[in-house]
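Visitor: After the structure tokens below, expect a handful of questions from me.
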Amino acid sequence: MLLQLNEVSKSFGGVAALTGITFGVEQGEVFGVIGPNGAGKTTLFNLITGVFPASSGEIVFDGMSVVGLKPHRTVEMGIARTFQNIRLFGNMTALETVLTGMHCRTGSGFISSFFRTKRQRIEEERCRGIAYEFLKLVGLEEDAEEVATSLPYGKQRRLE
């Protein structure tokens with residue numbers, strides 16, 4: 001099981017937003033969460049991604065508990081989300097947008113980036129190759145150098 005939630009609950013003060021949520025998602029499975037406004041869908045995603053801590057229960061991703069982890073730690077594990085409103089960097093290309101998302105998986109720091117060391121340049125080329133593969137995966141490889149916000153709505157969603 002890639003993602004497992006066991007009896008997860010979240011309360012805000014005296015208001016129970018989620019109570020006893022239990023489900024599992026297998027690797028490669030497509031899993032949807034539907035419900036009316038106010039049903040707790042966003043709260044659920046915020047618990048999984050570490051934006052909010054769960055009031056009780058267990059959330060396990062790839063065999064490791066994510067309860068109490070900060071959002072940047074869940075991103076490092078491979079958990080990410082999109083939003084209802086598209087959030088793209090206004091002046092970045094599609095390629096630069098993907099590269100920004102890869103930042104947490106790089107080892108070069110400010111100094112090596114500033115001086116463009118050999119190690120940093122090699123790492124950047126590796127990241128560019130991976131970023132192009134991600135763009136290809138979602139059918140945007142030909143839009144790599146286009147400004148992200150100039151893309152049609154559907155392509156912006158895929159880029160996000």
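The values are calculated or read from the model by the stated rules, or taken from the named source; none is laboratory data. Everything numeric here is computed off the predicted structure, so don't read it as measured data. Heads up, the Cβs are rebuilt from the backbone with ideal geometry, glycines too, and the neighbour counts pull from every protein chain shown.
Visitor: Out of all the residues in segment 133-157, which are closer than 21 Å to Met77 by Cα and not hydrophobic (A, V, I, L, M, F, W, C)?
Guide: If the condition is that a residue be closer than 21 Å to Met77 by Cα and not hydrophobic (A, V, I, L, M, F, W, C), then Glu133 is the only one that fits.
Visitor: Something else: Between a residue in segment 48-61 that is on the phi > 0 side of the Ramachandran plot and any residue that is surrounded by fewer than 19 Cβ atoms within 10 Å (Cβ to Cβ) and among the aliphatic types (A, V, I, L, M), which pairs come within a Cβ distance under 9 Å, given they are 6 or more apart or on different chains?
Guide: Gly50/Val67; Gly50/Val75; Gly57/Val67
Visitor: Scan segment 143-154 residue by residue and report those that are in contact (Cβ under 8 Å) with a residue 24 or more places away in the chain and part of a helix (DSSP H, G or I).
Guide: Asp143, Ala148, Thr149, Tyr153
Visitor: Can you report the number of residues in segment 52-68 which are over 14 Å from Val8 (Cβ atoms) and under 16 Å from the mean Cα position of the chain (by Cα)?
Guide: Total meeting the criteria: 1.
Visitor: Still on this structure, I have one more. With respect to Gly90, is the statement that it is at pLDDT below 90 and touching a Pro at 6+ places or on another chain (Cβ under 7 Å) true?
Guide: Criteria not met by Gly90.
Visitor: Against the definition (closer than 21 Å to Glu160 by Cβ, not aliphatic (A, V, I, L, M) and not assigned by TED's automatic domain parsing to the domain that holds Thr149), how does Phe134 come out, yes or no?
Guide: Considered against the rule, which asks whether it is closer than 21 Å to Glu160 by Cβ, not aliphatic (A, V, I, L, M) and not assigned by TED's automatic domain parsing to the domain that holds Thr149, Phe134 comes out as no.
Visitor: So which residues in segment 120-142 are among the small types (Gly, Ala, Ser) and assigned to a loop (DSSP other than H, G, I, E, B)?
Guide: Result: Gly139, single match.
Visitor: If Ser150 meets every condition in (1) more than 30 Å from Val15 (Cβ to Cβ); (2) touching a strand residue (DSSP E or B) at 6+ places or on another chain (Cβ under 7 Å) apart from one, which number is that one?
Guide: (2)
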